[in-house]
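S.K.: One structure, pasted below without further comment.
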Amino acid sequence: MNAAGVRMVVTRARSRGTGASLQGGGEKAAPLRSGEAAAEGRKSYGPVKRQRKARRLSVAYEASEGEKGEGPERLQAPSWEPQDWRRQLDNIRTMRSGKDAPVDQLGAEHCFDPSASPKVRRYQVLLSLMLSSQTKDQVTAGAMQRLRARGLTVDSILQMDDSTLGALIYPVGFWRSKVKYIKQTSEILQQRYSGDIPASVAELVALPGVGPKMAHLAMAVAWGTVSGIAVDTHVHRIANRLRWTKKATRSPEDTRRALEEWLPRELWREINGLLVGFGQQTCLPVHPRCQACLNRALCPAARGL
């Protein structure tokens, strides 16, 4: 409670023996239970002495008019936001206006069969995201093409043996583990969701091999719902280079939480594809092309090179 908006009202109260205590709202203290009396001092078996009446101060706090909601609203401290972030974002939009990065042609929204039923399309979106982890978009797109040629549905995957599935998705990163995750997830989808994918982040991340970034992208691409910012290694790296977080973050999930604290929600859907393509073309993990970047004078990382 703001001390400037508080008035202290002092009233006098008389104690009623050793058991009385000052309670909020003037309530009497609860009686001590057996065994607790020792904490209050030794028992006396002699005549009970009448104790001197003590005068205590009872302090009550009365909320100011603003806190009661009857006066002007309480002043809100301005939320933190990075310096020059709007100029930096506009520059990135300009550099990404050609839409010619791998993610623009081969991302999750381009890997499903547009002629398939909505339920099958959503399943294919989820599988493309599972395959994309630690894998370049070109490799993911190739694996999806081979799977689609076999008829990519929940049933077709469950009927396929592991060696065949592994050969079709190779050389995506961690392909052996992904064979296991795809089979387990497909079985869950068939048993619990009638072959569809869940429509919530909590249910999606509960599936084997599905992380938060995949879940938020699946919600956006498959269900058309913006549930959060999808943060991969590109977004994580660029956000830290531009100082779009209050302090350096160690993981994509930490970066997601930090960005969602200040970035306007209407930008959440755009930011992933924008920064991923920027990271693929300009803000590279190693040897970033700072001289060709419009943010070279605004980027703390570029100034440090």
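Every number here is computed from the coordinates shown, using simple stated rules; none is lab data. What you see is a predicted model, and the numbers here were worked out from it, not measured in a lab. Note that each Cβ is placed from the backbone with ideal geometry, even for glycine, and that neighbours are counted across all protein chains shown.
S.K.: Take D100 and E270, extend 7 Å from each Cα along the Cα→Cβ direction, and tell me the distance between the two endpoints in nm.
M.R.: Placing both labels 7 Å along Cα→Cβ, they lie 2.2 nm apart.
S.K.: Provide the gained length on full extension for the span T225 to R146, in nm with one decimal, where the gain is 0.36 nm per separating residue minus the Cα-Cα distance.
M.R.: Values: separation 79, 0.36 × 79 = 28.44 nm, distance 2.86 nm.
25.6 nm is the gain from fully extending T225 to R146.
S.K.: Let me ask another. Estimate the FRET efficiency between K136 and S79 by the formula 1/(1 + (r/R0)^6), using the beta-carbon distance for r and 41 Å for R0, to the nearest 0.05. Let's see the in-between values first.
M.R.: Details: r = 37 Å, r/R0 = 0.89.
The pair K136/S79 has a calculated efficiency of 0.65.
S.K.: Enumerate by residue number the GluC sites (Glu not before Pro) in segment 210-305 meeting two conditions: DSSP loop (anything except H, G, I, E, B), and at most 12 other Cβ atoms within 10 Å of the site's Cβ. Show your work: numbers first, answer last.
M.R.: On the way: sites: E253, E260, E261, E266, E270; in loops: E261.
Those that pass, being in a loop and sparsely packed, are E261.
S.K.: Same structure again: What does the charge add up to near G279, with Lys and Arg as +1, Asp and Glu as -1, over the other residues with Cβ less than 10 Å from its Cβ?
M.R.: Details: positive: R237, R241; negative: D232.
Residues near G279 contribute +1 overall.
S.K.: What would the Debye formula give as log10 I(q)/I(0) at q = 0.11, 0.17, 0.19 Å⁻¹ for the alpha-carbon point model of segment 169-252, no solvent?
M.R.: -0.39, -0.82, -0.94
S.K.: May I ask you to compute the full-extension gain from D254 to S156, defined as 0.36 nm times their residue separation minus their alpha-carbon distance, rounded to one decimal in nm?
M.R.: Working: separation 98, 0.36 × 98 = 35.28 nm, distance 3.70 nm.
Contour length minus Cα-Cα distance gives 31.6 nm.
S.K.: What nm distance separates the two modelled labels at R121 and S163, each placed 7 Å from Cα along Cα→Cβ?
M.R.: If labels sit at R121 and S163, their model points lie 3.7 nm apart.
S.K.: Treat each spin label as a single point 7 Å out from the Cα along the C-beta direction, and report the V205 to L284 distance in nm.
M.R.: Rounded to a tenth, the inter-label distance reads 3.3 nm.
S.K.: By per-residue mean of other Cβ atoms within 10 Å, what is the highest-first order of 168-174, 215-221? Don't skip to the answer; put the middle values down first.
M.R.: Values: 168-174: 17.1, 215-221: 24.4.
Top to bottom by mean Cβ count within 10 Å: 215-221, 168-174.
S.K.: With the radius of gyration and the Kirkwood radius both derived from the Cα set of segment 111-223, what is their ratio Rg to Rh?
M.R.: Numbers: Rg = 12.4 Å, Rh = 13.6 Å.
That ratio equals 0.91.
S.K.: Here is the link list: K136/K247; K136/K178; K213/K246; K99/K180; K99/K246. Which ones come out longer than 24 Å on Cα distance? Walk me through the numbers on the way to the answer.
M.R.: Details: K136/K247 29 Å; K136/K178 15 Å; K213/K246 21 Å; K99/K180 34 Å; K99/K246 30 Å.
The answer is K136/K247; K99/K180; K99/K246.
S.K.: Just order 127-135, 242-250 by mean Cβ neighbour count inside 10 Å, highest at the front, would you?
M.R.: On the way: 127-135: 23.2, 242-250: 15.6.
The most tightly packed comes first, giving 127-135, 242-250.
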